[in-house]
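Computed from the coordinates by the stated procedures, all read-outs in this text should not be read as laboratory data. Note that the coordinates shown come from a computational prediction; the quantities given were computed from them, not determined experimentally. Glycine also receives a Cβ, built like all others from the backbone with ideal geometry; neighbour counts cover every protein chain displayed.
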Amino acid sequence: MAVIEHPLATNYHSGRHSPYRVDLIVIHVTEGDAASVVAWFSDPAADVSAHYMVRKDGAVVQFVDEGDTAWHAGRVHGCTASLVLERMPANPNGYSIGIEHEGDGTHELTTEQRAASVALIRDIANRHGIPLDRTHIVGHREIYDFKTCPGAIDVDVLVAEVGA
């Protein structure tokens, strides 16, 4: 799987400052096109980033190194993700990898996007020893229920495909 590197100059922390190892993958939807995401993540006033974005055409863009902390899931409210609940008050950004998916939030992934996302999740899980289950792969709204993210992306189906 080819990854396009687009390192950010801002909106992340160098290193991981968590008592927990990386063992959570958080699925997001961009609610905008790829170009707008690049602009938003590059804006110092945005205070947001993710490790990866999977574009509709299946291209994978990496913004933040997995050894660093992206700012994608740090607010917790109405949480149903068991790992996050067990570890409160630890910030989930410290032990998670964030994957954005280009889209408007009202559609499922494209065929190319789904294939790339499945491959990326498997690759991340292999590197970090992350189980391929719903405890360790969650949608953003399972951490922060004020968001609808990841929109129409069915995380259950995605996890089933990753584990197949």
T110: passes all of (1) more than 20 Å from A39 (Cα to Cα); (2) within 13 Å of the chain's Cα centre (by Cα); (3) touching a residue at least 40 places away in the same chain (Cβ under 8 Å) but (2)
Those residues of the range 86-126 which are of a type in the set (A, V, I, L, M), closer than 23 Å to A160 by Cα and surrounded by fewer than 17 Cβ atoms within 10 Å (Cβ to Cβ) amount to A115, A119
Restricting the range 127-164 to residues that are charged (D, E, K, R), under 20 Å from G74 (Cα atoms) and in contact (Cβ under 8 Å) with a residue 24 or more places away in the chain, the one surrounded by the most Cβ atoms within 10 Å (Cβ to Cβ) turns out to be E142
Those helices (runs of 4 or more DSSP H) completely within the range 74-164 that have 1 or more residues that are touching a Pro at 6+ places or on another chain (Cβ under 8 Å) and within 24 Å of R21 (Cβ to Cβ) are 82-86, 111-128
Picking from V29, V60, V64, the residue that is surrounded by 15 or more Cβ atoms within 10 Å (Cβ to Cβ), of a type in the set (A, V, I, L, M, F, W, C) and under 19 Å from K147 (Cβ atoms) would be V29
Answer yes or no: is there a residue in the range 31-48 that is in a strand (DSSP E or B), hydrophobic (A, V, I, L, M, F, W, C) and closer than 21 Å to I153 by Cβ.
-> no
| task | For the range 22-33, state whether one or more residues are within 22 Å of D104 (Cβ to Cβ) and among the small types (G, A, S). | result | yes
Here the residues within the range 48-65 that are closer than 17 Å to D23 by Cβ and in contact with a helix residue (DSSP H, G or I) (Cβ under 7 Å, 6 or more places away or on another chain) are Y52
Pairing a residue in the range 36-53 that is in contact (Cβ under 8 Å) with a residue 60 or more places away in the chain with any residue that is surrounded by 12 or more Cβ atoms within 10 Å (Cβ to Cβ) and of a type in the set (D, E, K, R), where Cβ atoms lie under 8 Å and the two sit 6 or more apart in sequence or on different chains, gives V37/E100; V37/E102; Y52/E100
Screening R55, R75 for residues that are out of contact with any Ser or Thr (no Cβ under 8 Å at 6 or more places or on another chain) and more than 18 Å from S117 (Cα to Cα) leaves only R75
Selection from the range 1-30 of residues assigned to a loop (DSSP other than H, G, I, E, B) and more than 19 Å from I143 (Cβ to Cβ) yields M1, A2, H6, P7, L8, A9, T10, S14, G15
